[in-house]
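Bear in mind these aren't lab numbers, they're just calculated from the coordinates by the rules spelled out. Remember, predicted model here, so these are calculated numbers, not experimental data. FYI the Cβ positions are ideal-geometry reconstructions off the backbone, even for glycines, and counts take in every protein chain you see.
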Amino acid sequence: MIVVGSVGRGTAVAQTSDIDVLYDLPSDIKKQYSDHQHGQTDLLQDIRNTLLERFPQTTIKGDGQAVVIDFSSKRFTIDLVPAFANTDGSFDYPDTHDGGSWKRTDPFPEQKACARMEEESFGWFVRLCNSTRAWADAQGISFSGLLIDTLVNNYLNGHMPKSAAFDETYTMLQELFSYFGRQNQQQSFWHALGSNQQIRDKGKGKFIRKASKAADKLEQAESEEEREDALSDLFGKLFTSSIVDGESKRHQSNWLRDYRCSDQEEFIEDRFPIRISMDVYIDCKITQNGFRPFFLSGLLRERMPLRRDKQLRFFIQKPTEMDQSCVVYWKIRNRGEEAYRRNMLRGQIIKDEGKHERIEHSNFNGNHFVECYVVRDGICIGRDRIIVPISE
């Protein structure tokens with residue numbers, strides 16, 4: 001067996017939720033299943049059934065190109081891909097989509113290219129690949145790991161750092177997001193580092209749009225506190241839990257002490273493994289008696305503040321692949337000194353009541369936010385966040 005994917009390339013984040021493994025099989029098995037009408041599907045099902053005989057208490061299922069073995073208690077899965085070695089070092093593997101076919105993957109040149117770039121970039125390659133994965137998970141972006149590694153590699157080829165100095169991180173992230181944001185949303189594929197195989201963006205350009213906004217957010221932040229807030233918005237728990245003595249952290253500690261309030265914020269990462277595969281979008285319809293309704297997304301595009309005393313109906317723009325097996329959760333988080341003074345930080349994760357919406361009100365000032373999460377089979381597969389900037 002051969003460990004591939006992000007783990008094999010050395011670019012996976014800690015506590016990654018899935019491990020890709022090639023299961024190298026004899027070539028005559030491929031010939032045997034090629035003679036079947038639905039050979040690729042039959043191969044995956046036969047492997048699944050064999051594993052179930054040995055591990056009857058484990059959740060095991062076929063999933064298009066792999067047999068997925070779910071170790072729920074350990075919060076990760078193994079994607080076992082049956083593979084057949086070719087003379088050039090690549091592998092063929094089954095794909096059950098569109099009637100079934102054999103696809104090709106070439107992981108070893110990709111792994112070598114990653115190792116080479118990591119050495120040449122003084123460690124920045126893996127650092128930026130990890131950061132991009134954390135950002136994609138926090139922002140609910142379906143972003144292929146191989147595409148992340150390829151684009152970071154391409155960026156560094158034109159912006160090779162001269163040292164491993166960690167204090168350059170903010171600037172590097174800003175420039176990296178700008179580079180992502182300049183990608184062509186109409187581009188159908190990119191060529192992978194090392195192997196030159198085609199990689200398609202299943203997120204349909206969402207990473208490009210989100211990256212452009214991320215670059216703007218980082219550029220507009222001027223003070224240390226504003227930069228910390230920007231990084232917290234972009235990277236979520238990964239960043240906030242790493243701050244020890246930042247400006248925002250000091251303010252929050254002082255407010256907690258002065259106003260004697262309690263902070264019971266919860267994080268989806270502590271409840272479910274994160275494996276984003278569904279694009280989810282939140283918007284909010286804003287209403288007030290005597291005024292025409294409007295949407296928060298439009299307000300944010302115009303960079304206009306939201307006034308107080310409005311009714312806010314947050315809702316999910318429901319994707320077609322969201323079915324009854326999906327469970328929705330919400331998180332409403334108030335920020336700023338007024339939230340501490342009123343002891344109304346909130347931040348608990350709340351299960352949706354079945355309407356896929358949440359009614360709130362713009363009661364007091366602060367740069368608040370609302371998040372939603374879509375969970376299927378105990379795994380968070382989609383998430384989104386919308387900022388709620390309330391001011392006078």
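A compact table of results
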item: Estimated distance in nm for a label pair at Glu219 and Glu53, the labels positioned 7 Å out from Cα along Cα-to-Cβ; result: 6.1
item: For segment 2-105: rounded, prolate or oblate by the Cα gyration tensor [a/c cutoff 1.5]; result: oblate
item: Whichever aspartates and glutamates have a C-alpha closer than 12 Å to that of Lys202, once near sequence neighbours (fewer than 8 apart) are set aside; result: Asp279
item: Dipole magnitude (debye, nearest 20) for the chain, charges at Cβ of Lys, Arg, Asp, Glu; result: 1120
item: Cut-off 10 Å between beta-carbons: net charge of the residues surrounding Trp102, Lys and Arg +1, Asp and Glu -1; result: +1
item: Rounded if a/c under 1.5, otherwise prolate or oblate - segment 109-211, Cα gyration tensor axes; result: oblate
item: Coarse-grained scattering of segment 260-390 at q = 0.12, 0.15, 0.19 Å⁻¹, given as base-10 log I(q)/I(0) from a Debye sum over alpha-carbon atoms; result: -0.48, -0.74, -1.11
item: Cβ-based net charge around Pro319, under 14 Å, with every Lys or Arg adding one and every Asp or Glu removing one; result: +1
item: Length-normalised contact order for segment 260-390 - Cα pairs under 8 Å, 6+ apart - percent; result: 34
item: Cα gyration tensor, segment 308-377 - rounded (a/c under 1.5), prolate or oblate; result: prolate
item: Taking the chain and dividing mean pair separation by its residue count, relative contact order in percent (alpha carbons under 8 Å, at least six apart); result: 12
item: Size of charge dipole - segment 49-111 - debye, nearest 20, with Cβ of Lys, Arg +1 and Asp, Glu -1, no other charges; result: 340
item: Under 14 Å, Cβ to Cβ, from Leu173 - net charge with Lys/Arg +1 and Asp/Glu -1; result: -1
item: Rough spin-label spacing in nm, given labels placed 7 Å along Cα→Cβ, for Gln311 and Phe267; result: 3.6
item: Dipole moment magnitude, nearest 20 debye, segment 109-211 about Cα centre, only Lys, Arg, Asp, Glu C-beta charged; result: 480
item: Average projected area [Cα convex hull, the chain], square nanometres; result: 22.1
item: Proximal lysines relative to Lys204, as straight alpha-carbon distance under 30 Å, when same-chain residues fewer than 8 apart are discounted; result: Lys61, Lys103, Lys112, Lys213, Lys217, Lys237, Lys285, Lys318, Lys331, Lys351, Lys355
